[in-house]
Structures are given as structure tokens and as C-alpha cells.
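A short worksheet on the structure shown next.
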Amino acid sequence: MADTPLIRTLDPGDCDIMVSIIREGLRSLTGGSCGSGVDDRELDDLYAAYRAEGRRYLVLSEGEALLGGGGFAPLKGREGEGICELQRMYLRPESRGRGLGRLLLERLLAEAVAAGYHRCYLETHRNMTAAQKLYARFGFRRAEDRTGATGHSACDLFFVKDLSADPHREA
């Protein structure tokens, strides 16, 4: 019998594995092109990147195995406006399709609300179809244009969610 999945805050010892999961996800789904996020400097020290106020990175583990994670931070270029960006939400390929992304997203949105955010923005790639379905189930709606200054030019789809009404539940 498998252990119950645990969602917890990123620890320094998780970083190498989590960065590997993120980069492999980006490479497999977007080709790892320039602007995809695969070379983001924040990945050089993931733990430090999410230590500041208003930032959080959560990991999903089962027993000793790290299955994936995701985070949020103030939307670059729109700081101080109460908008967070959902960032780097990736699961290992063998962990997908088990409802773990739903559990992780629900927790991330709840923590974003607790951190004072009223809107959540994200960018994704057209190849990430399962993620798009998950976002839609949680009430994210497509935005026509990019918002903020994320630097992820390879991402070609943009979504936004109002966090003020039942923010962290599936729609």
C-alpha cells in the first residue's frame, strides 16, 4: 500500500530533485526552448527564491519520494497589486493522472489567499493540455494577453483567476 501523499514547504534538501523535475517537465513539454523557464536563474537556488514574503513553494511527497511541486510569488512587473503568479508546478511523469495536481493546486491557491493575494495569473504552453484542463476546473479563465514581466516568451497561453470568491476549490 502506498503512503498518503504529503504536501509541505520546500526544504533545502529537496531542491536538486525538484529542479530536476521542473527542468525535465519543461524540456519534455516545451522542448526547453529559450524563454521556457528552463534556464531561469531562480532555479539555481530554488529554496532562496521562495523564502521572501509573499512567496511559497510546496512539494508533494509520498514516503521518501518527491513527486513534484509548485509555487507562487508576486507577479513581476505588477508587484503591490495583489496579483500572484502560479509558478513551476510540475509532477514526475509517473505521478500524473492520480489527482495529485488537483491537491497541490488547491493548497497553493489557499495559501495564496492567506498571503493576501486577490488574483492569480499563470502562463503555460499549448502542449500542456492536462494542466490547462486542471486550471479550467479551478475557474481559471483564458486571458488574451500576457501580464507582467515573467520573461517566459515560450509560454503562449495565459490564465487568470479571481481569488475572492471560493478561491481554492474546483469550479
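Read-outs: derived from the displayed coordinates by stated rules, not from any lab. Keep in mind that this is a model prediction, so the values were computed, not measured. No Cβ is skipped: glycine too gets one built from the backbone with ideal geometry, and neighbour counts run over all protein chains shown.
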Q | Most positive-pole-ward Cα, 143, 93, 47, against dipole of region 6-162 from beta carbon charges | A | 143
(Q) Taking the beta-carbon count within 10 Å as an exposure proxy, list 84, 155 from fewest neighbours to most. (A) 155, 84
Q: Could you pull out every residue, at least 5 positions away or on a different chain, whose amide H is within less than 5 Å of the one on residue 96? Hs are placed 1.01 Å off N in the peptide plane, and Pro or chain starts have none.
A: none
Q. In nm, to one decimal, how far is the modelled label at residue 16 from the one at residue 78, with both set 7 Å along Cα→Cβ?
A. 3.7 nm
Q: Determine the gain in length on full extension of the stretch residue 114-residue 28; use 0.36 nm per residue of separation and subtract their C-alpha separation, reporting nm with one decimal.
A: 27.6 nm
Q. Magnitude of the Cβ-charge dipole of region 6-162, K/R +1 and D/E -1, about the Cα centre, nearest 20 debye?
A. 600 debye
**Q.** Mean separation of Cα contacts under 8 Å (6+ apart) over length of region 37-89, as relative contact order %
**A.** 25 percent
Q.
Per-residue counts of other Cβ atoms within 10 Å, averaged by peptide: what ranking do you get for 52-60, 66-74, highest first?
A. 66-74, 52-60
Q: Starting from one equal scatterer on each C-alpha and no solvent at all, send me the Debye-based log10 I(q)/I(0) for region 6-162 at q = 0.11, 0.16 Å⁻¹, two decimals.
A: -0.37, -0.86
Q) Counting pairs of alpha carbon atoms under 8 Å apart in space and at least six apart in sequence, what relative contact order in percent does region 6-162 give? A) 24 percent
